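Presented below is the structure to which this report refers.
The values are calculated or read from the model by the stated rules, or taken from the named source; none is laboratory data. These figures come from a predicted structure and were not determined experimentally. Note that we place each Cβ from the backbone using ideal geometry, even for glycine, and neighbour counts take in every protein chain shown. Note: accessible area is taken over every heavy atom of the protein model, side chains too, but ligands, DNA and RNA are not part of it. Shrake-Rupley method; radii C 1.70, N 1.55, O 1.52, S 1.80 Å.
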Amino acid sequence: MTQSLSDLSDQILQAAKRAGADAADAIAVDGTSLSITVREGALEQAERSEGIDIGLRVFVGQRQACVSSSDTKPDTLTQMAERAVAMAKEAPEDPHAGLADAAQLTTNTATEALELFDPSEEPDPAALQEDATRSEAAALRNAGISQVQSASAGYGRRRIHLAASNGFSAGYARSDRGLSCVAISGTGTGMERDYDYDSRVFQADLRDAEEIGRIAAERAVERVGAKKPQTGAFPVLFDERVASSLIGSLLQATNGATIARGSSWLRDAVGERVLPKGLSVIENPHRARVTGSRLFDAEGLATSQRAIVDDGVLTGWTLDLATGRKLGMESTANAARGTTSPPTPSLTNVALTQGDQSRADLIKEMGTGLLVTSMIGSTINPNTGDYSRGAAGFWVENGEITYPVNECTVAGNLRDMLKTIVPANDGRMHLSRVVPSLLVAGLTLAGD
């Protein structure tokens, strides 16, 4: 890049103005990603990508259109703008479309305080390969492992700049560093698979490669001899690795776009109890070194901490400007967007109140039931909250894990399920979505 993303975004807006747009906003993203995968101690795959993408949204009256490109030449910007304006003139009117008023825009754009970008040098591919190799070797040291399906290490960095004709212009940078290992135990039809991984903003925070391989292997070996559990109604403990999907279903049902369509099982639930008393779901977009953090949303509004659920009671919806206008409400500064489409409501960092018991304590408390460690597929009725998912994990008898299970289905209704959850205290604080293991009473299991 020979020009800054700020200058490029401004050039896009100027092209839109010349093409006849009444208003416009632009996004420019450039980045690099690098991924290394090893198998049997040798390099299996290496990928690197670099590039820039730009997006333009224009308004002609109450009509809007979006276009995108990976070409930043001046002629291309002109053609983009002209095409976008022509498209907008043919689009239907949207009374809710439009940019933020200047008075709504944030003045705090110093994202550096959130530490979203690791300033250290991009890792050498050889260093990534070494991490992946160490992870694979650690997994294979477990005698119960027949093979490692994959061991991968990756790095990415992006710069993003947002600008609009209402005067907003700001950008930030993000980086990420990841490592994963997938191990397989057993042979033939008796093979079982499990994994471990870590992903961080800063390389220095990443867990050791050998630890990731070792844990992946231990988990895979624990699953040897899995069989179907009995059918019936039992308590189910969702392990921390999968528990966030339950809270994710709640969050999806409170998304303003879903509410505006009238297709949410929580569409009339504001002010009602949706979780047990004492539990809250808090969005905090300002956590340092966490991938979901941001000071401002994609429409230039200042983000802030808020309770989505407060002491068990649902407080409201997740909104951008357009969905807020549709519902007669103010935006919650949750707009997110890419280069190809308008903003939509999207959450940043979310945490569920943690309990005072460990996962082991909840296993003892549940007596007889299922500990779920992985889930397959999903059937959730968005209008009723009826829930059914394939699951695997471990059968618990008299408060103790007795044998691994697979090929079963867990079913219930999310309204009822969420009102009975008991959280453990094992949520991982570096994640964007901090949800501990969750015990849910009285779910239906379909097994043998």
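Of the heavy-atom accessible surface of the chain (probe 1.4 angstrom), what whole percent is carbon and sulfur? If you can, show how the numbers build up before the last one.
On the way: 9150 of 19340 Å².
That fraction is 47 percent.
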Problem - Residue (of Leu275, Cys181, Leu56) at the positive-pole extreme of the chain, dipole from beta-carbon charges - result: Leu275
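Considering only Cα-Cα distances, which of the following residue pairs are longer than 26 Å: Lys277/Lys364; Lys227/Lys364; Lys227/Lys277; Lys364/Lys419?
Details: Lys277/Lys364 23 Å; Lys227/Lys364 22 Å; Lys227/Lys277 37 Å; Lys364/Lys419 21 Å.
The pairs that break the limit, which is 26 Å between Cα atoms, are Lys227/Lys277.
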Problem - Unit charges on C-beta of K, R, D, E only; dipole of the range 290-419, Debye - result: 460 debye
Exercise for the section: Would you mind checking the tilt of helix 209-222 against the longest principal axis of the Cα atoms of the chain, expressed as 0 to 90 degrees and rounded to 10? Expected result: 50 degrees
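Please arrange Ser331, Ser165, Ser341 by accessible surface area, largest first, computed with a 1.4 Å probe and ligands excluded.
On the way: Ser331 25, Ser165 70, Ser341 50 Å².
I get Ser165, Ser341, Ser331, largest accessible area first.
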Fill in the blank from the handout: From the Cα centre of the range 202-226 to that of the range 122-137, the distance in Å is 15 Å
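Defining a contact as two alpha carbons under 8 Å apart and six or more residues distant in sequence, what relative contact order in percent does the range 321-448 show?
Numbers: 225 pairs, mean separation 28.8, N = 128.
Contact order relative to length: 22 percent.
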Completion exercise
Between the alpha carbon centres of the range 329-408 and the range 1-50 the gap in Å comes to 33 Å
Completion exercise
Computed over the chain, the relative contact order (Cα-Cα under 8 Å, seq sep at least six) in percent reads 15 percent
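Could you order the peptides 242-248, 265-271, 389-395 from most to least packed, using the average number of other C-beta atoms within 10 Å per residue? Please list the in-between numbers first.
Details: 242-248: 20.4, 265-271: 15.6, 389-395: 22.0.
Peptide ranking by packing, descending: 389-395, 242-248, 265-271.
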Handout entry: Point-charge dipole on Cβ atoms (K/R +1, D/E -1) for the range 185-241, about Cα centre, debye to 20
Key = 380 debye
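Packing-wise, with mean Cβ within 10 Å as the measure, how do 117-124, 436-443, 287-294 rank, highest first? Please report the intermediate quantities before stating the final value.
Values: 117-124: 14.0, 436-443: 23.1, 287-294: 18.0.
Per-residue mean Cβ counts within 10 Å order the peptides as 436-443, 287-294, 117-124.
Which value, in Å², gives the accessible area per residue of the range 3-91 when a 1.4 Å probe is used on the protein heavy atoms? Don't skip to the answer; put the middle values down first.
Working: 4240 Å² over 89 residues.
I get 48 Å² per residue for this part.
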Completion exercise
The equivalent-ellipsoid semi-axes of the chain, taken as the square roots of five times the Cα gyration tensor eigenvalues and listed largest first in whole Å, are 42, 30, 18
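Just how large is the dipole of the chain about the Cα centre, in debye to the nearest 20, putting +1 at every Lys and Arg Cβ and -1 at every Asp and Glu Cβ?
On the way: 43 positive and 58 negative charges, 179 e Å.
Once rounded to the nearest 20, the dipole reads 860 debye.
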